1. Hey, any hits in the stretch 133-140 for a residue that's touching a Lys or Arg at 6+ places or on another chain (Cβ under 8 Å), closer than 24 Å to Lys4 by Cβ and modelled with pLDDT of 95 or more?
2. Would you please name the residue that is nearest to the chain's Cα centre (by Cα), looking only at residues in the stretch 384-404 that are under 12 Å from Met432 (Cβ atoms) and assigned to a strand (DSSP E or B)?
3. If I ask for residues that are at pLDDT 95 or above and within 18 Å of Gly502 (Cα to Cα), which ones from the stretch 692-718 would you list?
4. Which one is most open to solvent (accessible area, probe 1.4 Å) among residues in the stretch 53-71 that are hydrophobic (A, V, I, L, M, F, W, C) and assigned to a strand (DSSP E or B)?
5. Could you please give the count of residues in the stretch 675-712 that are charged (D, E, K, R) and part of a strand (DSSP E or B)?
6. For the stretch 1-19, enumerate the residues that are within 18 Å of Pro127 (Cα to Cα), surrounded by fewer than 14 Cβ atoms within 10 Å (Cβ to Cβ) and not hydrophobic (A, V, I, L, M, F, W, C).
7. Within the stretch 187-239, restricting attention to residues that are of a type in the set (Gly, Ala, Ser), out of contact with any Cys (no Cβ under 9 Å at 6 or more places or on another chain) and crowded, with 18+ Cβ neighbours inside 10 Å, which residue is nearest to Val271 (Cα to Cα)?
8. Which pairs do you get when a residue that is open to solvent by less than 70 Å² (accessible area, probe 1.4 Å), found in the stretch 169-180, comes within reach of a residue that is outside any loop (DSSP other than H, G, I, E, B) and among the basic types (Lys, Arg), reach meaning Cβ atoms under 8 angstrom, with the pair 6+ apart or on two chains?
Amino acid sequence: AVDKPITIKLADLLKMPSQSIPVTLVCAGNRRREENMVKKTIGFSWGASGVSTSVWTGVRLCDLLKLAGVKTPEEGARHVCFCGSDTLPKGDYATSMTIAHAMDPANDVMVCWAQNGKRLLPDHGFPLRMIIPGWIGGRMVKWLKEIKVTGDESDNYYHYFDNRVLPSHVDAEMATDEGWWYKPDFIINELNVNSAIVYPQHDEVFDLGSSHTYTMKGYAYTGGGRKIIRSEISLDGGKTWRLAKINRPERPNAYGKFWCWCFWELEVPTVDLVGIHEIALRAWDSGMNTQPKDITWNVMGMMNNCHFRVKVHPKATTSGKIALQFEHPTVAANGPGGWMVPKKEDAPVELKKEDVDAKANVGNGNLVGYTLEEISKHDHKDSAWIIHDNKVYDCTPYLQDHPGGAESILLAAGQDATEEFDAIHSTKAQSMLKDYLIGYVTTDEKDAAKASDASAEKSLVALNPKKRIPFKLIEKESLSHDTRRFRFGLQSPEHILGLPVGNHMLVAAKVDGKLTMRAYTPTSSNDDVGYFDLVVKIYFKNVHPKFPEGGKLSQHLDSLEIGDSIEVKGPLGHVSYTGRGEFIIHGKPTFLKHVGLIAGGTGITPCYQIIKAVLKDPEDKTTLHLLYASRTEEDILLREELDSLALEHSDRFKLHYTLDLPPKDWQFSSGFIDYDMIESQMPPSSSETKVMMCGPPPMIDFACVPNLKKYGYTENQYLSF
């Protein structure tokens, strides 16, 4: 519904009149974890930290639409649809808004290319994204590729099956069966009023004798350009409220609209905190909207904005003084802590047959009981069963659709996968299990698995794909301020790790009492007997603003002392190199003469395994081309080893680096991976050539794959480890 359809290049877009404004972006699932503590929703457990603010630069959408000659609503221009480049299981991500909202200059709807004065990073939507101030983040399409003016709202799957607040009685099954997703009354666009307490922090201890006052602080926001007009604190269960001081850094736009969060603070006399049990917070906006006292649960767990309540517990300090300890309802993500989070003090109760819903049907029959011995036989691709919370699931139909590949399921097949499943899967994934439920674990023969293990033949291969094996740290070396080499001893000096070249393994440890698992590829190989080496970049707390808690497992590894243990399970992976150009890829033998390798950050380790395996054999004629992307020169892992191999084997190994922040005398490329780098550093496509990639998904999806396709590669000529 435009007179002049246009295709506009980014360079031309940058020449158009632009504006830069601060806008707060909020996930509609902010504070969802509180809802998940009431009853599981189908969404991730965000705490109260799914919100942030940036200065965004871009072209107003209304100006772009005028340039294209947008028609009137009477002529059929009633909605504007936005489509992103991210391909999801149900197709591209797309959504829409009314033409009236898009064309109103007061709404500041923009197509943006910069954030805080710098070009967008891939994680934030490079090269272009929508910014719709006052709306939920789910409408602000990233990696924008298309804008359409239509008569009807978007028909995209995610426009309907995401970002809805359905009535509390509607669960996921009812929503689908009865068509609730398509009812227009329940769509979310504008943000609602919300607020949270930041200080006192969760688990903070305040010595009552240390000060005469305590200053509480937090944030508040609302949607639609409305203004937060007050934030209030109650110390007596909502009987009375104290007005907080509001700090509002932004100025309204020319039309009087506000797009940012504000910050409140309230100084409370210490004596007023004595004897209280709870601190409650609520905010009001200029539409006289305020926050309800209690949670209203909905199946997507969205738009939770009940009073933010912090519990107060009296406690004695180590010196015997009286103090108060504060407890938030939940903490960010799935971290431990929070008064709403169930305390796991009691041992789990074993599921008995009568506990299973007798009405649950599988196929044409009811649930049946299986012994551990029976379940252990279903550990292969033709029949892959797992146990989760004493229930038995047949995952065979899901093997090919699993995002992590069939190997991830087969590692756990035939055994209890509860702890490992919960360690790496969301609540949404857990809810999907019900479709594969076939029975429950009977209470007899509990020792069958132990007997099976005891009868297994002894082997000099250290890894076991079916169970986690403990390995002790025997050496620890600091390679840089944030990179370590860890050497772990195997079961004996004669053991080899048993990891095929190109595969990885799952490293597990209990962090804060909860199992944490991550995939790692060692830098050592099966040629190294009696040990394996991990080169690990440590992601420390309070270094990267996006990840204030840092990396749980990498920090745990850094804390290990000689003699401490980790657990490892594997091998896992769909690429194995067997030598002299021969690969096993997704179970099929493949011969390659030329291999391109693209690595980002710590993704260098599987590439390094293949490089070492090829170059150690003088009869191996495979040629290797490595393009390695890092943030700074100091972030390049295995630099010395790579440079040495490239120098020694220049006829078979070509090496090139690119840095986000290069030094002045840098001799290689700079910036994100682009077409010129792909063309100059990767081998030309052929039937005996493949490019293998390992790195952050945005790098692979938006920098590597599009440029490989442009260079002539087809989908079966590249892969991710």
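1. no
2. The qualifying residue nearest to the chain's Cα centre (by Cα) is His388.
3. If the condition is that a residue be at pLDDT 95 or above and within 18 Å of Gly502 (Cα to Cα), then Met692, Met693, Gln717, Tyr718 are the ones that fit.
4. My answer is Val55.
5. 1
6. Thr7, Lys9, Asp12, Lys15, Pro17, listed by residue number.
7. We begin by selecting, within the stretch 187-239, every residue of a type in the set (Gly, Ala, Ser); these are 195-196, 209-211, 218, 220, 223-225, 231, 234, 237-238.
From what's left, out of contact with any Cys (no Cβ under 9 Å at 6 or more places or on another chain): 195-196, 209-211, 218, 223-225, 234, 237-238.
Adding the requirement that they be crowded, with 18+ Cβ neighbours inside 10 Å leaves 195-196, 218, 223-225, 234.
Values: Ser195: 25, Ala196: 23, Gly218: 21, Gly223: 37, Gly224: 40, Gly225: 39, Ser234: 15 Å.
Applying the filter and picking the extreme gives Ser234.
8. The qualifying pairs are Trp180/Arg164.
The values are calculated or read from the model by the stated rules, or taken from the named source; none is laboratory data. Model, not experiment: these values are computed from the prediction. Neighbour counts are summed over all protein chains in view; Cβ atoms, including those assigned to glycine, are modelled from backbone coordinates with ideal geometry. Ligands, DNA and RNA are excluded from the accessible area calculation, which covers all protein heavy atoms including side chains. Shrake-Rupley method; radii C 1.70, N 1.55, O 1.52, S 1.80 Å.
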